[in-house]
Amino acid sequence: MRSDPKLLSRLSRIEGQVRGVARMLDEDRCCTDVLDQIRAIKAALRKVEDEVLKNHSAHCVANVIEIGSARDAQKKFDELIDLFSRYSR
């Protein structure tokens, strides 16, 4: 997978959020505030996950379907279905 500056930027922000939660816990901040931040981190990670899955579909799978054998294309397609199944939960 190629490096995506937008995804790397998102991950850096998420990293900062995680450090912020650690500080909040260290400072004995209100549990509901900590939980709100954790929920925001999980939502941000889901967005990154969605983008990576979308990129995989658009590049990796499409490339194999375009230039690979029918068998390779079927394997990649099956992999994609499995990924959608796992990550749609």
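The values are calculated or read from the model by the stated rules, or taken from the named source; none is laboratory data. What you see is a predicted model; the values in this text were computed from it and never measured. Neighbour counts are summed over all protein chains in view; Cβ atoms, including those assigned to glycine, are modelled from backbone coordinates with ideal geometry. These area figures cover heavy atoms from the full protein model, side chains too; ligands, DNA and RNA do not enter into them. Shrake-Rupley method; radii C 1.70, N 1.55, O 1.52, S 1.80 Å.
Being out of contact with any Phe, Trp or Tyr (no Cβ under 8 Å at 6 or more places or on another chain) and closer than 21 Å to Lys6 by Cβ is true for just one of Val64, Val34, Val48. Which residue is that?
Details: Val64 fails: closer than 21 Å to Lys6 by Cβ; Val34 fails: closer than 21 Å to Lys6 by Cβ.
Result of the check over Val64, Val34, Val48: Val48.
From the set of residues in the stretch 1-31 that are part of a loop (DSSP other than H, G, I, E, B) and at pLDDT 95 or above, which is most open to solvent (accessible area, probe 1.4 Å)? Spell out how you get there, then give the answer.
Step one: list which residues in the stretch 1-31 are part of a loop (DSSP other than H, G, I, E, B), which gives 1-4, 27-30.
Remaining after also requiring at pLDDT 95 or above: 27-30.
Details: Glu27: 110, Asp28: 135, Arg29: 109, Cys30: 68 Å².
Looking at residues that are part of a loop (DSSP other than H, G, I, E, B) and at pLDDT 95 or above, I get Asp28.
Just to be sure, is Val34 open to solvent by less than 70 Å² (accessible area, probe 1.4 Å), aliphatic (A, V, I, L, M) and either at pLDDT below 80 or farther than 17 Å from Arg13 by Cα (or both)? Outline the logic, then answer.
Values: open to solvent by less than 70 Å² (accessible area, probe 1.4 Å): yes; aliphatic (A, V, I, L, M): yes; either at pLDDT below 80 or farther than 17 Å from Arg13 by Cα (or both): no.
For Val34, the condition - open to solvent by less than 70 Å² (accessible area, probe 1.4 Å), aliphatic (A, V, I, L, M) and either at pLDDT below 80 or farther than 17 Å from Arg13 by Cα (or both) - is not met.
Any idea which residue in the stretch 56-70 is most open to solvent (accessible area, probe 1.4 Å), counting only those that are within 25 Å of the chain's Cα centre (by Cα) and of a type in the set (A, V, I, L, M)?
Ile65
Can you tell me which residues in the stretch 64-89 are out of contact with any helix residue (DSSP H, G or I) (no Cβ under 9 Å at 6 or more places or on another chain) and under 23 Å from Glu51 (Cβ atoms)?
Asp78, Ile81, Asp82, Ser85, Arg86, Ser88, Arg89
Does the stretch 28-45 contain any residue that is closer than 30 Å to Ala62 by Cα and touching a residue at least 24 places away in the same chain (Cβ under 8 Å)? Before the answer, list the steps.
Of all residues in the stretch 28-45, those closer than 30 Å to Ala62 by Cα come to 42-45.
After this cut, where a residue has to be touching a residue at least 24 places away in the same chain (Cβ under 8 Å) as well, the list is 44-45.
Checked the stretch 28-45: at least one residue is closer than 30 Å to Ala62 by Cα and touching a residue at least 24 places away in the same chain (Cβ under 8 Å).
Based on what the data block shows, is Ser85 in contact with a Leu (Cβ under 7 Å, 6 or more places away or on another chain) and in a helix (DSSP H, G or I)? Steps first, answer last, please.
Details: in contact with a Leu (Cβ under 7 Å, 6 or more places away or on another chain): no; in a helix (DSSP H, G or I): yes.
Here the answer is no, as Ser85 does not meet what is asked.
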